[in-house]
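Written below as structure tokens is the structure these notes are about.
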Amino acid sequence: MNYIVFDLEFNMFFKFKEGDLANPELKNEIIQIGAVKLNEALEIVSSFDLIIKPVIYRRMNPYVKRKTNINTSRVVQGTPFIKAIESFHAWAGDDSVLCSWGHDDILALRDNCLFFGFDAILFDKFINIQQIYMNIGTLAKQPSLESAVESLEIEISTPFHDALSDATYTANIFRKIYDPSCNGIVNWERAQKENEEKIEMLKKYIEKVDIHCPQCNEYVQKNTEVTKSKKYFAFGYCPDCMLQIRHVSRITHRDGEYSIVSNNTIYKTDEAEATANITQELANIKIER
Ligand SMILES: [Zn+2]
């Protein structure tokens, strides 16, 4: 059995010009897969590094470009996703466990596989190295890769935010902290199902959230409400303060926990403007989905 410690870089939506829209089916498009393979003795035996040609977000988001140092002309020459993921899977081998820093990369890997039509079940066994690190240090907040590298006094020789470089740092953390006798391998499909169940449960509550006037804190009756995916919007009017209230609740995922986060804000008292805002808001919701 091998451990595949991997890291991904993504490109995502950026509004370059009026009318540009994000694709709701794929928010983070993989543009780089970096990985190192460790044997059962946790020795690094090989590495993998590929730039992937994006087809949804072809032009590099300026923030991503600044962070990763990957520009559009480089991704244009990249490997198409399906070809890249096939060679990644062949390189990883059947009897391997995927490992990464946090949940985000495995979730995005799955999203990209689903989107492009690659059977993601091939990557079923998973270790969250960040979770192990947090358990050891009894840390409540998710530490960054950089902070863990510094705390463990791992030599910094290459820049962060390059997939292979980050995968190598993560592998070095893994080698320092992983105890194979206390099995930290999770069945990703099962974990995924549990997460989906939690989200479904929260969805039942999200519409029942009360809305309040942020000025006087009194309960406000809802006059318009919309639920879209993991978001809930409601509008109301506080007769005491004579204010239009806009309420947003969303299901968020932070530090491994799902919860509902709510927010009430004041609209301008001008009724025509408030109505225009609501209409605009509803239009935006449709786009965001
Ligand atoms: Zn009020």
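The values are calculated or read from the model by the stated rules, or taken from the named source; none is laboratory data. Being a predicted model, the structure only gives us computed values, none of them experimental. A quick note on method: Cβ atoms are made from the backbone with ideal geometry, for glycine too, and the neighbour counts reach across all protein chains shown.
Details
- Residue within region 50-68 that is without any contact (Cβ under 8 Å) to a residue 40 or more places away in the chain and closer than 23 Å to E189 by Cα present: no
- Candidate set from region 53-74 (those that are in contact with an Asp or Glu (Cβ under 8 Å, 6 or more places away or on another chain) and surrounded by 15 or more Cβ atoms within 10 Å (Cβ to Cβ)); member that is nearest to I4 (Cα to Cα): T68
- Yes/no for F6 being of a type in the set (F, W, Y), crowded, with 17+ Cβ neighbours inside 10 Å and either out of contact with any Leu (no Cβ under 8 Å at 6 or more places or on another chain) or not assigned by TED's automatic domain parsing to the domain that holds Y178 (or both): no
- Residue within region 89-96 that is among the hydrophobic types (A, V, I, L, M, F, W, C) and within 23 Å of Q130 (Cβ to Cβ) present: yes
- Residues of region 117-136 that turn out to be in contact with a helix residue (DSSP H, G or I) (Cβ under 8 Å, 6 or more places away or on another chain) and either surrounded by fewer than 17 Cβ atoms within 10 Å (Cβ to Cβ) or more than 18 Å from F6 (Cβ to Cβ) (or both), as a count: 6
- Any chance R250 is within 30 Å of N135 (Cβ to Cβ), modelled with pLDDT of 90 or more and not in a helix (DSSP H, G or I): yes
- Counted as qualifying within region 136-229 are no helices (runs of 4 or more DSSP H), as none has 2 or more residues that are within 16 Å of the ligand (Cβ to nearest atom), free of Cβ contacts under 8 Å to residues at least 60 places away in the same chain and assigned by TED's automatic domain parsing to the domain that holds V36.
Conditions (1) buried (at least 20 other Cβ atoms within 10 Å of the Cβ); (2) out of contact with any Lys or Arg (no Cβ under 9 Å at 6 or more places or on another chain), marked per residue:
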position	(1), (2)
F14	no, no
N39	no, yes
V76	no, no
F81	yes, no
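- Condition met for D20 (modelled with pLDDT under 95 and over 17 Å from the mean Cα position of the chain (by Cα)): yes
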